[in-house]
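Student: Okay, handing you the structure first.
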Amino acid sequence: ARDRDRNRESVLAMLGWRLHRIWSGDWWLDPQRELDRIEAAIREAHAARKAMKATEALESAATSSDTIATADASTDGNAAADPGVDTTTTPSAGTAETDAAPDGLTSSSISVPATNDVAAPHDEDDNDKVEDDETTADDDDADEPNSASDSNPGMQVYKTTPVKQYGDPESFYENKSRRRIREMLLRVIKREAPIQLDLARRRVVACWGFARVTSRAQALLDEILAELPAQDQPRLIDGLAWRIDQNPAEYALFRTPGEDDEQPRKAEDIPTIEYVNAALMVITQQVGLPMEALVRETAKLLGFSRATGKVLECAQAGIAVLMDSGRCVEKDGMVTLPR
């Protein structure tokens, strides 16, 4: 229970929530004081939100100003260096005239042909691209696929794609967010495939503060997925997204949660093929064992301490697939490899 409470708090904080705790003893002794503290926490959260938005607006304005100044400086320098440039253009509305112009040049704004040396103005999406590059650079292995375990080549440590806060649910639907959504979707599939498509959607929308995938968000994600170029299109098979370099028919791996994984996969988020492969490894290593023990050991390999509820259901489904394929048999209460 303590682990769940800690994980819940870390997940909510990662999604942008500010948490305020009320202890039952404090509430019992002085409920009004606790109410005052709640109101103060809400006011503080509102103030912090406004300050963050104001800071973002100032940074965006400063970036735009620096870009324009750089473009103007580069233009002026190139024009002065090339006496053959036509400088008799009419100044546009709102353009300030220079105080003094070189011989042979008018005092109107100077127009020069675009060259590689001139810093071209860029829009907000370009600024987002720079921020993306910087953010990604902070996580060296953010796009690396899950790594194999040294002790067991059939087992990998599952690495969850880092969740970064890119905006709120309203901004998710803005056109300027489509590029970032596409990049995040590709990043998740590259790192976590094979992955349940629904889980990949949840990973992406969490970056915009969604608690769940709404029908509208799913429609947008599916639209962006369909628009991907052929070389980036994942293989979609039975609700799973596979990387193009993965062969589902030859996939023989299963993945366990890492020691520092704060968001381990739920039982229903793990592809059935991983239950199949984990069960096959248990049977191979132990020669044979009762069905109940096989289910329990399969669940343990995938990071679950107990095989109950959904874990039990999913593990049993994987073992059933394994038996249907003829790679294991049950005889006299023991599950073994076929002879």
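The values are calculated or read from the model by the stated rules, or taken from the named source; none is laboratory data. Here the structure is a predicted model, which is why all the values come from computation and not from measurement. Counting neighbours? That spans all protein chains shown, and the Cβs are built from the backbone with ideal geometry, glycine included.
Student: Output the residues belonging to region 11-32 that are surrounded by 11 or more Cβ atoms within 10 Å (Cβ to Cβ), small (Gly, Ala, Ser) and either modelled with pLDDT of 80 or more or in a helix (DSSP H, G or I) (or both).
Tutor: Correct list: Ala13 only.
Student: Please work out which residue is nearest to Asp198 (Cα to Cα), limiting yourself to region 170-186 and to residues that are assigned to a helix (DSSP H, G or I) and free of Cβ contacts under 8 Å to residues at least 12 places away in the same chain.
Tutor: Of everything passing the filter in region 170-186, Glu170 is nearest to Asp198 (Cα to Cα).
Student: Suppose the filter is surrounded by fewer than 19 Cβ atoms within 10 Å (Cβ to Cβ), touching a strand residue (DSSP E or B) at 6+ places or on another chain (Cβ under 8 Å) and not charged (D, E, K, R); does Pro264 pass it?
Tutor: yes
Student: Kindly indicate which of Ile224, Ile237, Ile244 is within 25 Å of Ile181 (Cβ to Cβ), among the β-branched types (Val, Ile, Thr) and within 17 Å of the chain's Cα centre (by Cα).
Tutor: Going through Ile224, Ile237, Ile244 in turn, just one is within 25 Å of Ile181 (Cβ to Cβ), among the β-branched types (Val, Ile, Thr) and within 17 Å of the chain's Cα centre (by Cα): Ile224.
Student: Out of the strands (runs of 3 or more DSSP E) lying entirely within region 235-293, which hold 2 or more residues that are of a type outside the set (Phe, Trp, Tyr) and farther than 15 Å from Glu192 by Cα?
Tutor: Answer list for region 235-293: none.
Student: Another question, then. Within the bounds of region 311-325, is there any residue that is surrounded by fewer than 18 Cβ atoms within 10 Å (Cβ to Cβ), modelled with pLDDT of 95 or more, within 26 Å of Pro162 (Cβ to Cβ) and not small (Gly, Ala, Ser)?
Tutor: no
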